[in-house]
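Trainee: A single structure is presented below for examination.
The values are calculated or read from the model by the stated rules, or taken from the named source; none is laboratory data. What you are looking at is a predicted structure, and each value in this text was computed from that prediction instead of being measured. Reconstructed Cβ throughout: ideal geometry from the backbone, glycine too, with neighbour counts over all protein chains shown.
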Amino acid sequence: MGASARARLLAAADELFYDEGVHTVGIDRIIERAGVAKASLYNTFGSKDELIRAYLESRHARTAARITAAIEQRTSPRDRLLAVFEAQAALFDDPAFHGCAFASASAEARPGSAAAQMTDVYRSWLRALFTDLGAKAGAREPEALARQLHLIYDGVGLSARTDHDPTVSAVARAAATALLDAALR
């Protein structure tokens, strides 16, 4: 009840944008769900595009924290890399899982929009993470491995969502393991 207008707007945006999409949810629904005046949205964010940016920044921060926590629970470089897939797989059993928020937000995004920019930031972060973890694991070509692992990461998220099959994470982990093993030979 005592949350700031910014926090309430972000919570409403997080729920509605993730469930229904950033392009289909209008600001009036967000304002109504947040229980704030329209002026609060514009005074806080300036525009719907900037609210989308803040929503995606929040999603990125939570994803990074979840993945980092999973990585930090492992000691070997190889296991640390594979922990990224374990962190992702943990989402698939959640009935609220609707796939990648960035893929959804960017599907109809205009070039240069907040959704497009934040998707680029997120994807660059994930690829850099895979590159760093691959290098630390001893991969000969960590950038190439990172691109391959990123494709698996994207694909398993899409497959888990569209096929409603959380068990696909085991297939993704096996594929990532095979790629990693090949990169370490």
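Trainee: Within the range 145-161, work out how many residues are in contact (Cβ under 8 Å) with a residue 12 or more places away in the chain and either surrounded by fewer than 17 Cβ atoms within 10 Å (Cβ to Cβ) or farther than 13 Å from Phe97 by Cβ (or both).
Mentor: Count: 11.
Trainee: Could you list, ordered by first residue, the pairs with Cβ atoms under 6 Å in which the first is in the range 105-127 and closer than 14 Å to Asp154 by Cα and the second is among the aliphatic types (A, V, I, L, M) and surrounded by 12 or more Cβ atoms within 10 Å (Cβ to Cβ), at least 6 apart or interchain?
Mentor: Ser106/Ala115; Ser106/Ala116; Arg127/Ala146
Trainee: Can you tell which of Arg8, Arg62 is more than 20 Å from Gln117 (Cα to Cα), at pLDDT 95 or above and either of a type in the set (D, E, K, R) or not in a loop (DSSP other than H, G, I, E, B) (or both)?
Mentor: Answer to the check: Arg8.
Trainee: Could you check how many residues of the range 38-54 are assigned to a loop (DSSP other than H, G, I, E, B) and without any contact (Cβ under 8 Å) to a residue 12 or more places away in the chain?
Mentor: Count: 2.
Trainee: With the condition kept exactly as written, say whether any residue in the range 93-106 is closer than 21 Å to Val171 by Cα, in a loop (DSSP other than H, G, I, E, B), of a type in the set (A, V, I, L, M, F, W, C) and in contact with a Phe, Trp or Tyr (Cβ under 8 Å, 6 or more places away or on another chain).
Mentor: Checked the range 93-106: no residue is closer than 21 Å to Val171 by Cα, in a loop (DSSP other than H, G, I, E, B), of a type in the set (A, V, I, L, M, F, W, C) and in contact with a Phe, Trp or Tyr (Cβ under 8 Å, 6 or more places away or on another chain).
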